[in-house]
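The next block holds one structure in the form of structure tokens; read it before the comments.
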Amino acid sequence: MTPGATMGVVVVGAGDMGARHATHWQAVGACVVAVVDRDVERASAIAGPLGAAHGGDLGPYLRHEGVHVVSVCTPTHLHAPFTIAALEAGKHVLCEKPAALTLADAHAMRAAAVASGCELRIGFMRRFDPAYEPMGTFIGRIGRPVLAQVTITAGVRPKRLMHDALANGGPIIDMCCHVFTQWRTLFDGRPELVSARGYTFSDNKPEVAAIDQRALDSALVTIEYADGSVGQIQVSWGLPAGIEAVERHSYVGPDGHVVVDWPKRVTLRDASGVTRWSSSGVDPWREEIAWFHRELRDGAERRVATIDDGVEALLTSLAVLRSVRERRGVTLDEILREDAREVEATIR
Ligand SMILES: NC(=O)c1ccc[n+]([C@@H]2O[C@H](COP(=O)([O-])OP(=O)(O)OC[C@H]3O[C@@H](n4cnc5c(N)ncnc54)[C@H](O)[C@@H]3O)[C@@H](O)[C@H]2O)c1
């Protein structure tokens, strides 16, 4: 891209995330060249107001010299093929979270990024949420180790793909990745042991009856970190449809207690009293895209999550799923070793 030129972007996947990406890219000064979706009417509805082209095939836009970035906003099982095709065509990629459903896909995405020399980032946009910094600062004031508890509950998701183990992977992959990636920065070091019990509360619910491979939708997860901190997540997407969603975090350390009503309020109680923070309502997706635009255009400090962040979060999700299946504690190294064996077997 020549200095000073407008950055050209193609968005693939014209659903909720695709609409956000397209609008924000245009708003930060890039040019949305096209929106692509297998449902061309959806692509057209987003592209039209932006004056962009639309289509059902990404291929022609990958050969377009005026396209510098591809935003991948399809269901998760399609992140790898679109991301790899874009990287191989010499385009930078912002891929929605989670990176992928399998380590093989995530590693292939990383390998394609390395081979292409292009940037591959994962949309862990919470790090641009206004609550993110006060939460980290307050947790930094309660000492170590930290005992963390997060509750995330919602009714059966209106998008059925979110319950499909072969599409978006269910909440352990799709939702908990946000918490896993936050905890990697809050607690020093990789998770040492993951233990979980899980269920599919939606098994008897008619809304998801048509899905052959329903993902686990409810679990109690315990993760032990190298710095002695312990985190527990109580998660369910299997409650009755339409029930009010809740996300609440509680962090207790030797010097205080932080309560987070994500993403609106963060409260610290410590020896100095009560310190409260509440949201200014900034849109984290817009901040993330504005920042990535500055990174690519001006060489700004790298803040948008990397594929390595995506791989780490996925490793933790896979350890949780294995722990549920085998009813035992699982280490991340174990998951990595097994993946290496599978890769070796495929090569042979
Ligand atoms: N950052 C976040 O907090 C956040 C929030 C929601 C979703 N997501 C992630 O974003 C991704 C998309 O989620 P969404 O809620 O926008 O989904 P969505 O169902 O609203 O949109 C997905 C779009 O992809 C299109 N699509 C499917 N297969 C395609 C193909 N082969 N070629 C082209 N288009 C295809 C669908 O037609 C649909 O329009 C998922 O990976 C999800 O996990 C991230």
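The values are calculated or read from the model by the stated rules, or taken from the named source; none is laboratory data. Quick caveat: nothing in here was measured; it's all calculated off a predicted structure. So basically every Cβ, Gly included, is an ideal-geometry build from the backbone, and we count neighbours across all protein chains shown.
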In region 133-169, anything more than 11 Å from the ligand (Cβ to nearest atom), assigned to a helix (DSSP H, G or I) and buried (at least 20 other Cβ atoms within 10 Å of the Cβ) is listed as Pro134, Met135, Phe138, Ile139, His163
Checked Leu336, Leu314 against criteria (under 21 Å from the mean Cα position of the chain (by Cα) and at pLDDT 95 or above); the one match is Leu314
Of the residues in region 73-86, those that are closer than 15 Å to Ala113 by Cα and buried (at least 24 other Cβ atoms within 10 Å of the Cβ) come to His79, Thr83, Ala86
Being in contact with a Cys (Cβ under 9 Å, 6 or more places away or on another chain) and of a type outside the set (Asp, Glu) narrows Val32, Val70, Val36 down to just Val70
- Query: Quick check: is even one residue across region 88-109 touching a Phe, Trp or Tyr at 6+ places or on another chain (Cβ under 6 Å) and buried (at least 20 other Cβ atoms within 10 Å of the Cβ)?
  - Reply: yes
Flagged in region 37-46 as within 12 Å of Val12 (Cβ to Cβ) and surrounded by 15 or more Cβ atoms within 10 Å (Cβ to Cβ), in numbering order, are Asp37, Arg42, Ala43, Ile46
- Task: Answer yes or no as to whether Gly123 is touching a helix residue (DSSP H, G or I) at 6+ places or on another chain (Cβ under 8 Å) and away from the ligand (no atom under 11 Å from the Cβ).
- Result: no
A careful count of residues in region 177-200 that are surrounded by 19 or more Cβ atoms within 10 Å (Cβ to Cβ), farther than 22 Å from Phe138 by Cβ and hydrophobic (A, V, I, L, M, F, W, C) gives 3
*Going by the structure shown, is Ile172 within 14 Å of the ligand (Cβ to nearest atom), assigned to a strand (DSSP E or B) and at pLDDT 95 or above?*
no
Practice prompt. For region 57-65, indicate whether the set of residues that are surrounded by 17 or more Cβ atoms within 10 Å (Cβ to Cβ), within 14 Å of the ligand (Cβ to nearest atom) and among the small types (Gly, Ala, Ser) is non-empty.
Written response: no
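The rows are residues; the columns are (1) small (Gly, Ala, Ser); (2) outside any strand (DSSP E or B); (3) closer than 29 Å to Asp217 by Cα.
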{"residue": "Trp277", "(1), (2), (3)": "no, no, no"}
{"residue": "Ser280", "(1), (2), (3)": "yes, yes, no"}
{"residue": "Trp285", "(1), (2), (3)": "no, yes, yes"}
{"residue": "Glu288", "(1), (2), (3)": "no, yes, yes"}
{"residue": "Glu295", "(1), (2), (3)": "no, yes, no"}
{"residue": "Leu314", "(1), (2), (3)": "no, yes, yes"}
{"residue": "Ser323", "(1), (2), (3)": "yes, yes, yes"}
{"residue": "Glu334", "(1), (2), (3)": "no, yes, yes"}
{"residue": "Asp339", "(1), (2), (3)": "no, yes, yes"}
